[in-house]
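*Asks:* Structure below; questions to follow.
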Amino acid sequence: MSGPVLVLGGTGEARELAAALVAAGVDVLTSLAGRVADPVLPAGATRVGGFGGADGLAAWIQEHRPRAVVDATHPFAARITASAAAAAAVTGVRLLRLHRPGWTAQPGDDWRWVDSLAGAAAAVAGHRSVFVTTGRQGVGAFAGLRGRVLVRAVDPPTEPLPPGATLVLARGPFSLADERALLREHAVDVVVTKDSGGHMTEAKLQAARELGVPVVLVRRPRPPDGVTVVDSVAAAVAWTTGGPA
């Protein structure tokens, strides 16, 4: 295949990868799902909107013949990651998963792991003031909470919020000082987040550690079997420009 490198994007790592490949003279097309109203656009060409599942992506690959596909979507974007793996198996295109590392607990952290948003909602049901930072998708899992609930997302959720929830619309990165102040202002006694990894939203974990606030973390899904996985932009650049990592 001889077309551009198709980057399945929407993350900071995807933007870094696109910029690095463009700087190296590689033709890049980044695909954005279109779920964010005002996305930060990467270097190179972009397309916005889904492909229509694995079959639609496979059809797009057969028509446009990208030289490779790099899945640099969010660690919890399990559907597109599965579609990319299935489409690559059908079309034979080279596929890489750029999967940033999850967070690592530090001394003083009080982390409680769960397997789903529903599990997270059950884990915090008895708390007085919950800070939900899992993004707007799936926030309906917390609709039954009856205590104080602070919800932060980039765009307004379409799913129901808990009664009397406070919604904060904001895009990271967030500073430690701001996260510390937010937890104090709302008297937060538990934080809920996905194990997204990265530095954009990590400050809330440090603030929780400093203030002795427990954190409920949703485990990330595993990448599909048989897909090459790297955990850094540098490794993805090397794979894309010089062969398998």
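The values are calculated or read from the model by the stated rules, or taken from the named source; none is laboratory data. Predicted, not measured: the structure shown is a model, and the values here were computed from it. Every residue, glycine among them, receives a Cβ derived from its backbone with ideal geometry; neighbour counts consider all protein chains shown. Areas reflect the complete protein model, heavy atoms only, side chains present, ligands, DNA and RNA absent. Shrake-Rupley method; radii C 1.70, N 1.55, O 1.52, S 1.80 Å.
*Asks:* Being more than 20 Å from P214 (Cβ to Cβ), free of Cβ contacts under 8 Å to residues at least 24 places away in the same chain and open to solvent by less than 30 Å² (accessible area, probe 1.4 Å), is that true of even one residue in the range 152-160?
*Replies:* Initial filter on the range 152-160 (more than 20 Å from P214 (Cβ to Cβ)): 153-160.
Checking the rest, the ones that are also free of Cβ contacts under 8 Å to residues at least 24 places away in the same chain come to 153, 156-160.
Among the residues that remain, those that are also open to solvent by less than 30 Å² (accessible area, probe 1.4 Å) are: 153, 157.
The answer is yes, given that some residue of the range 152-160 is more than 20 Å from P214 (Cβ to Cβ), free of Cβ contacts under 8 Å to residues at least 24 places away in the same chain and open to solvent by less than 30 Å² (accessible area, probe 1.4 Å).
*Asks:* Give me the residue from the range 169-191 that is more than 28 Å from S232 (Cβ to Cβ) and surrounded by fewer than 17 Cβ atoms within 10 Å (Cβ to Cβ) and, out of that set, modelled with the lowest pLDDT.
*Replies:* Kept after step one, since they are more than 28 Å from S232 (Cβ to Cβ), are these residues of the range 169-191: 169, 177, 180-190.
Next cut, surrounded by fewer than 17 Cβ atoms within 10 Å (Cβ to Cβ) only: 169, 177, 181, 184-187.
Details: L169: 94, A177: 97, A181: 97, R184: 97, E185: 97, H186: 97, A187: 97.
Filtering first and then ranking leaves L169.
*Asks:* Which residue out of A82, A18 is at pLDDT 95 or above and buried (at least 21 other Cβ atoms within 10 Å of the Cβ)?
*Replies:* It is A18.
*Asks:* Test D38 against the stated conditions and say whether it is among the charged types (D, E, K, R), modelled with pLDDT under 95 and exposed (fewer than 14 other Cβ atoms within 10 Å of the Cβ).
*Replies:* In short, yes.
*Asks:* Sticking with this structure for a sec: Look at P223 and say whether it is open to solvent by less than 70 Å² (accessible area, probe 1.4 Å), in contact with a His (Cβ under 9 Å, 6 or more places away or on another chain) and closer than 30 Å to A19 by Cα.
*Replies:* For P223, the condition - open to solvent by less than 70 Å² (accessible area, probe 1.4 Å), in contact with a His (Cβ under 9 Å, 6 or more places away or on another chain) and closer than 30 Å to A19 by Cα - is met.
*Asks:* Any residue at all in the range 153-174 that's of a type outside the set (V, I, T), in contact with a helix residue (DSSP H, G or I) (Cβ under 6 Å, 6 or more places away or on another chain) and closer than 22 Å to E13 by Cα?
*Replies:* Checked the range 153-174: at least one residue is of a type outside the set (V, I, T), in contact with a helix residue (DSSP H, G or I) (Cβ under 6 Å, 6 or more places away or on another chain) and closer than 22 Å to E13 by Cα.
*Asks:* Which count do you get for residues in the range 145-171 that are more than 14 Å from V192 (Cβ to Cβ) and small (G, A, S)?
*Replies:* Looking only at that region, the number is 2.
*Asks:* Follow-up question, since we're still on this one. Assuming P101 fulfils every condition listed in (1) open to solvent by 50 Å² or more (accessible area, probe 1.4 Å); (2) out of contact with any Asp or Glu (no Cβ under 6 Å at 6 or more places or on another chain) apart from one, which condition is it?
*Replies:* P101 satisfies every listed condition except (2).
*Asks:* Still on this structure, I have one more. Got at least one residue in the range 93-115 being within 22 Å of the chain's Cα centre (by Cα), touching a residue at least 40 places away in the same chain (Cβ under 8 Å) and at positive phi?
*Replies:* Checked against the condition, which is being within 22 Å of the chain's Cα centre (by Cα), touching a residue at least 40 places away in the same chain (Cβ under 8 Å) and at positive phi, the range 93-115 yields no hits at all.
*Asks:* Count, please, the residues in the range 173-218 that happen to be of a type outside the set (F, W, Y) and part of a loop (DSSP other than H, G, I, E, B).
*Replies:* Total satisfying the criteria: 17.
*Asks:* Something else about it: Among (1) closer than 20 Å to A72 by Cα; (2) surrounded by fewer than 19 Cβ atoms within 10 Å (Cβ to Cβ); (3) not small (G, A, S), there is one condition K194 misses while meeting the rest; what is its number?
*Replies:* Here K194 meets the rest and fails (2).
*Asks:* Taking P173 as the residue in question, decide whether it is free of Cβ contacts under 8 Å to residues at least 60 places away in the same chain, under 23 Å from R79 (Cβ atoms) and not aliphatic (A, V, I, L, M).
*Replies:* Details: free of Cβ contacts under 8 Å to residues at least 60 places away in the same chain: yes; under 23 Å from R79 (Cβ atoms): no; not aliphatic (A, V, I, L, M): yes.
It is false that P173 is free of Cβ contacts under 8 Å to residues at least 60 places away in the same chain, under 23 Å from R79 (Cβ atoms) and not aliphatic (A, V, I, L, M).
*Asks:* Tell me, please, whether a residue that is out of contact with any strand residue (DSSP E or B) (no Cβ under 9 Å at 6 or more places or on another chain) and either farther than 21 Å from P75 by Cβ or of a type in the set (A, V, I, L, M, F, W, C) (or both) can be found in the range 148-157.
*Replies:* No - not one qualifying residue is present in the range 148-157.
*Asks:* Would you check if there is a residue in the range 46-54 being within 23 Å of V90 (Cβ to Cβ), surrounded by 15 or more Cβ atoms within 10 Å (Cβ to Cβ) and hydrophobic (A, V, I, L, M, F, W, C)?
*Replies:* Yes, the range 46-54 contains a residue that is within 23 Å of V90 (Cβ to Cβ), surrounded by 15 or more Cβ atoms within 10 Å (Cβ to Cβ) and hydrophobic (A, V, I, L, M, F, W, C).
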